[in-house]
1. Just the Cα atoms of segment 38-173, one point each, no solvent: what log10 I(q)/I(0) does Debye give at q = 0.13, 0.14, 0.22 Å⁻¹?
2. When the helices in the chain are scored as -39500 (n - 2.57) per DSSP H run of 4 or longer and the sum is shared across all residues, what 222 nm value do you end up with, to the nearest 500 deg cm²/dmol?
3. Which GluC sites (Glu not before Pro) in segment 111-174 sit in a loop by DSSP (not H, G, I, E or B) and have at most 13 other Cβ atoms within 10 Å of their own Cβ?
4. For segment 160-220, run through the trypsin sites (Lys or Arg not before Pro) and keep only the ones in DSSP coil with at most 16 other Cβ atoms within 10 Å of their Cβ.
5. On full extension of the chain, what length is gained from Asn118 through Asp291, given 0.36 nm per residue of separation minus the C-alpha to C-alpha distance?
6. Using only the Cα atoms, work out Rg/Rh for the chain, with Rh taken as the Kirkwood radius, to two decimals.
7. Modelled label-to-label distance, Lys214 and Ala270, 7 Å Cα→beta-carbon offset: nm?
8. At 7 Å along Cα-to-Cβ for each site, give me the label-to-label distance between Leu26 and Arg41 in nm.
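Where a number appears in this text, it was derived from the coordinates with a stated rule and is not lab data. Worth saying up front: this structure is predicted, and the values here are computed from it rather than measured. Quick reminder, even Gly has a Cβ in these numbers, built from the backbone with ideal geometry, and neighbours come from all protein chains shown.
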Amino acid sequence: MPTSHQPDSSVFGEAMHFFDAAAQRLNLTSSMYRILTHPSRQVIISIPFARDNGEFEVYTGYRVQYSSARGPGKGGIRYHPNVTLDEVTALAFWMTWKCAVVDLPFGGAKGGVTCDPNVLSLSELERLTRRYAADLIEIIGPDKDVPAPDVNTNPQTMAWIMDTVSMHLRAHTPAVVTGKPLNVGGSRGRVEATGRGVMIAIEAALEKMNKSLKGMRVVVQGFGNVGSISAKLLSDAGAKIVGISDVTGGYHNPKGIDIAAALEHANKSAHRTLDGFAADRVSNAQLLELDCDILVPAALENQLTEKNARKIKASLIAEGANGPTTPEADALLSEGGITVIPDILANAGGVTVSYFEWVQNRMGYYWREKEVNDRLRDLLRENFDVVWDTGKEYGTTLRGAAYVVAIKRVVDAYMTRGIYA
Ligand code: NAD
C-alpha cells in the first residue's frame, strides 16, 4: 500500500488506521488510494478584524474541502487556539466518511479559526465571523460547501455567516450553512438529532441481536448535548440508565437514575453540570467499567484504550463522541465479542438533520418535528442495515464495515464521474 501524504494528528491517525484497513479489504488501486488520501482544496486566510478598543488583530482561518465527489462539502467551523491546518484537514477527511456512510449527497469539509473565543466580546466574534465568511465567499455556498457549528461556534455564528453571504450575493441564501436558529431557517429536531441518532442506532443493533431496549442497563459518559439527550431518549424508550457522568465525575445508581431529574439538576446549576446530583459517586474511569449492558461514550476522544478495554462489561457500545475508542482498544473489544457501533454511524444523526435543514432551505418549505424525526429514523435504519450486512459479507466489525461502505460509495462516485485529468 503506498504511503499517504497526510498530517499527523490523533483524530487523523485513528481515522487513517481504520481507513487503511478498509482500503485493503476493498483492494483499492494505488491511484484511487492516492486520490482519497489527498484533500481536494485547502484554503488559508488572514482575517483582520477590529477589537473593541480600535486595534486591529489578524487571525488565521482555514477551510478544507476534502472531497466533493458525492456533493458539496459539509463540515463544521471550529474556533479554538489549537486549530491548525493539519487538524482541520483531518476532520475534513473524517467528515467525508461520515457523510458517505449514511449516504448523504455531500463530500467532507471542515473549517476553523485559530483563536481563543473566550477573550473576544460578542461584537468582536461577530466581526471576526463576518470577515471569515466574506473571505470564503467564492468557495462556500449551497452547491459548493455548507459549513455548520463545531467547537465554540453555535447557531448565532451560523446566522452571521448566512447574513454576510446573503448581503454579498444580494440574495437570501439560508442553505449556505446549517445549524441556524429556527427563526432564520434552522430545522426542527436539529438540537436533539445526534442523541436521537445514537438511540436509533442502538435500537437497530439490538433488533439484529434479537434483544429489546426494555430494561437494558445503560451507562452514558458525558451529559452535554449528545450524552444528556441520548440518556433521556433511551430512558423514555424503557432502558434503565444506571450511570451518567460529566466533567464533575460519575454518578451511579444500579436501580436506575431519574434522567428527567438529572436534566433539571444540570439546567439549574450555574455551569450546567451534575455537581451535587444525588447518586453514588464514581470516577469517570470507574464509570466506563460499571456493570451494564450498553455503554455510550459521549464526551471526549480516547476514552476506551488498551488499559481499560478488557474491563468493559457492556456487550454493546454506541460511540456518541468522535473517536472515543483507540485502534488498540477497538481490537480488544472485538476480541472480547463486544459490538461497537462506530462514531461515523452512531453519531451521524446531527449531520443527517443538517442535510434535512439544507433540503428544507432549498425547498423553502419546513417540516414538522415528527417528519424530521421519522426521516432521520428511516435514513439511519436503512444505512445501519447496509453496514450490518457488509460486516457479515466481509467478516468484519461494524467499524470495519462502516469504512468499507463509506469508501466504496466515494470510490463509486469518482468512477462514475471519471477523474478529470
Ligand atoms: P458538550 O460540550 O455539549 O458536552 C460534553 C460533555 O462531556 C459535558 O457534559 C462535559 O461535562 C463532559 N465531559 C467533559 N470532560 C469529561 C470527562 N473527562 N469525563 C466525562 N465527561 C466529560 O458536547 P457534545 O456536543 O455533547 O459533544 C460530545 C461529543 O460528541 C464530542 O466528541 C463531539 O465531537 C461529538 N459529536 C457531537 C455532535 C453534536 O451534534 N453535538 C455530533 C457528532 C459528534
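1. Values, matching the q order: -0.50, -0.58, -1.35.
2. Working: 14 runs with 186 residues, N = 421.
Rounded to the nearest 500, the figure is -14000 deg cm²/dmol.
3. Values: sites: Glu124, Glu126, Glu138; in loops: Glu138.
When the GluC sites (Glu not before Pro) of segment 111-174 are filtered for loop state and at most 13 Cβ neighbours within 10 Å, Glu138 remain.
4. Numbers: sites: Arg170, Arg188, Arg190, Arg196, Lys208, Lys211, Lys214, Arg217; in loops: Arg170, Arg188, Arg190, Lys211, Lys214.
When the trypsin sites (Lys or Arg not before Pro) of segment 160-220 are filtered for loop state and at most 16 Cβ neighbours within 10 Å, Arg170, Lys211, Lys214 remain.
5. Working: separation 173, 0.36 × 173 = 62.28 nm, distance 3.91 nm.
Roughly 58.4 nm would be gained on extension.
6. Working: Rg = 21.1 Å, Rh = 22.0 Å.
Taking Rg over the Kirkwood Rh, I get 0.96.
7. Result for the modelled spin labels: 4.6 nm.
8. The answer from the label model is 2.3 nm.
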